[in-house]
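Here the structure is laid out as structure tokens; the discussion comes afterwards.
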Amino acid sequence: MANGKKKINLNKRVWGIAKGLLIYVLIAAAALIFFYQVSGGPSASSGNEVPISQVITDTKEGKVEKITLEGDKVTAVLKNSNQKLASRKEAGESIYKILQSSGVDPKSVTIEVKDLSFQQAWIGILSAVLPILLLVGLMFFLFKNAREGAQGIFSFAQSRARLFTKDQPQIKFTDVAGAEEAKKELSEVVDFLKSPKKYQDIGAKIPKGVLLVGPPGCGKTLLARAIAGEAGVPFFSIAGSEFMEMLVGVGAARVRDMFAQAKKAAPAIIFVDEIESIGRQRGMGISGGHDEREQTLNQILVEMDGFTPNDRVIIIAATNRPDLLDAALVRPGRFDRRVVLSLPDLVERKAIIELHMKGKPFTKEVATEKLARRTVGFSGADLANMLNEAAILAAREGKTAIDNKDLEEAATKEKLGPQRKRMQSEQDRKLAAYHEAGHAIVGHSLPNVDPVHRISIVARGMSGGHTMFPPTEDRSNESKSRLVEQITAALGGQAAEDLVFKDISTGAASDIEVAANIARAMVTQYGMSGLGPISVASRPMFGIWRVGDEGSELSPKMHDAVDAEIKRIIDSCYKSAQDLLKKNKIKLDKVAKTLLEKETLESEEFESIVGKKKV
């Protein structure tokens with residue numbers, strides 16, 4: 001199959017080169033004829049001309065040694081000086097008659113006549129034939145384009161899936177760090193493709209589809225490519241959005257074509273990335289069940305589990321929004337397996353870091369264990385990009401190895417963005433220093449908040465400063481007391497502004513948003529309020545919250561109760577932050593003063609001012 005495609009491509013290239021050469025030849029011939037016609041043919045002179053009477057006069061006086069005739073062009077060579085005089089005679093006139101009529105003996109000078117009949121004959125033929133050839137070529141070009149345009153309409157229905165064969169560079173499971181449980185599940189799929197008889201003999205059926213679910217950057221696409229690399233089978237890759245076009249029915253036609261190609265190449269794998277773009281729940285669109293997306297989904301459902309079997313063709317799909325998928329798509333018989341990929345834990349982060357550290361020089365002080373603990377909440381893509389950013393920073397500064405400073409800056413840049421060197425007034429710097437110091441003092445005073453890792457008043461991204469409380473361990477659950485303390489720490493910045501300046505600024509906008517989101521989730525989802533263990537949060541439609549969606553089935557009285565509980569939690573946390581800052585006002589001033597001097601404080605410097613955190 002691959003050799004056939006290569007042969008077709010080679011023929012297309014040869015035909016393209018031949019067409020190009022033909023066009024160039026025709027253009028050159030046309031230019032030649034045009035030049036010939038414009039310049040008057042062979043009678044045209046390339047130099048300055050003199051009247052024919054001067055040539056006759058010089059010949060009569062014996063100054064001319066030789067006359068050369070080329071058509072109507074006359075060239076006279078003078079004696080001694082070898083100077084040449086160029087002139088032209090009347091068309092059809094004989095040079096002998098011209099000399100005789102002027103009283104000059106033609107025998108007194110050497111006359112050489114050059115025969116141009118052959119060249120004139122060819123130019124005449126070309127001038128007659130070339131316009132016809134150009135007209136035929138133009139008509140052929142127009143008809144060919146029209147035919148290709150007509151075929152292009154039907155090519156809309158062809159699949160846009162890209163085929164990767166075993167001849168191309170492959171990714172193996174060894175190239176994927178972490179996700180051991182997922183790789184174990186998927187290794188069985190590889191075994192199905194390699195040894196189907198072993199499973200068929202015992203009555204087991206090959207899974208038709210595998211759904212990879214996980215947040216962005218956790219390695220879904222990478223694992224799908226690793227499956228194809230391990231199995232050594234053709235791998236058809238396509239994004240869900242590539243099925244859709246402006247023409248009705250194109251998506252369904254592309255699905256049919258893609259499955260037809262995969263069946264011919266079986267055993268094969270079809271990988272559909274971002275399947276939620278075409279696999280969303282049916283009947284929720286504006287046009288009911290007749291829009292293009294739903295017709296495409298219907299065709300996928302038929303192809304995966306219809307009357308025609310898909311022997312040895314496995315469909316792998318990836319999504320980070322499984323809640324949007326249609327129930328008929330994710331049922332057993334279509335996607336028989338669901339492999340959930342989560343953010344890497346400590347062991348997996350360490351393995352990912354070690355994998356991406358290969359080929360990069362590091363100093364001896366760099367410890368992967370410490371780096372893995374520092375990057376809680378990072379995805380595999382985040383870690384890969386962090387190490388690449390660290391290498392770029394080291395190269396920018398002319399270092400020969402990457403050190404801890406480069407890694408720390410890269411990790412901060414990955415989460416908060418690059419530094420923004422901007423001019424700030426002293427009042428703005430002082431405000432930022434007390435704001436960030438307020439976060440740090442409140443968080444340091446609360447037992448369930450993670451230790452302060454870094455405080456800075458250097459602007460990054462959209463923020464004028466930051467205080468980092470990275471998790472010290474992986475957590476799968478959050479307690480009520482910890483959530484309350486997170487709200488309190490988030491409100492510490494505005495509480496510090498109010499305490500010191502007797503005024504507040506707009507710099508706490510993002511902090512208030514974080515606090516409000518946590519408090520709302522505690523009341524509406526987690527049952528961590530005076531309302532008790534009830535859930536009043538509706539699921540968003542298509543991932544979009546609309547006005548009136550949340551708790552739309554509740555009474556106005558319950559709505560008021562929800563709002564009152566959210567306000568009570570936030571007010572209580574804000575008061576706690578104020579009380580802690582009043583109690584630690586001296587420490588607040590010291591931290592702010594140091595920030596104004598150094599701009600950035602690491603955890604050790606911060607604890608040298610306020611003391612060790614009490615847990």
Modelling each spin label as a point 7 Å along the Cα-to-Cβ direction, I'd like the LEU130/ALA260 distance in nm, to one decimal. 4.8
FRET efficiency for ASP191 and SER476 from the Cβ-Cβ distance with R0 = 41 Å, rounded to 0.05, comes out at 0.85
Using only the alpha carbons, work out the radius of gyration and Dmax of the stretch 426-610 in angstrom. 17.8, 55
For THR68 and SER425, calculate 0.36 nm times their separation in residues minus their Cα-Cα distance, and state this gained length in nm to one decimal. 119.3 nm
Starting from the Cα of THR363, step 7 Å along the direction of its Cβ; do the same at GLU90; then give the gap between the two resulting points in nm. 10.0
Once both label points are put 7 Å beyond Cα along the C-beta direction, the LYS575-HIS559 separation in nm becomes 2.8
Amide H partners (placed H, <5 Å) of ALA239, local residues excluded: ASP273
Taking the convex hull of the alpha carbon atoms in the stretch 346-415, what volume per residue do you get, in Å³? 74
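Taking the Cβ of VAL340 as the center, what net charge do the other residues with Cβ under 12 Å away carry, scoring Lys and Arg +1 and Asp and Glu -1?
Numbers: positive: LYS220, ARG337, ARG338; negative: GLU181, GLU185.
So the environment of VAL340 carries a net charge of +1.
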Taking Cα pairs closer than 8 Å and at least 6 residues apart, the relative contact order of the stretch 426-610 in percent is 29
Can you run phi through the Karplus equation (6.51, -1.76, 1.60; θ = phi - 60°) for the stretch 255-265 and list ³J(HN,Hα) in whole Hz, with x for Gly and Pro? 4, 4, 5, 5, 5, 5, 5, 5, 5, 5, 9
Among 590-598, 424-432, 386-394, how do they line up from the highest to the lowest mean number of other beta-carbon atoms within 10 Å? 386-394, 590-598, 424-432
How much length is gained on full extension from ASP345 to LYS593, taking 0.36 nm per residue of separation minus their Cα-Cα distance? 85.5 nm
On a full-extension model of 0.36 nm per residue, what is the gain between GLU181 and GLU607, subtracting their alpha-carbon distance, rounded to one decimal in nm? 149.4 nm
What order do you get for HIS559, HIS444, HIS453 when you list them from fewest to most C-beta neighbours inside 10 Å? HIS559, HIS453, HIS444
So which of LYS220/LYS405; LYS415/LYS557; LYS413/LYS590; LYS502/LYS587; LYS480/LYS502 end up more than 29 Å apart, counting from Cα to Cα? LYS220/LYS405; LYS415/LYS557; LYS480/LYS502
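Every number in this text was worked out from the coordinates using simple rules, so none of it is lab data. Treat the numbers as computed from the prediction; the structure is a model and nothing was measured. Counting neighbours? That spans all protein chains shown, and the Cβs are built from the backbone with ideal geometry, glycine included.
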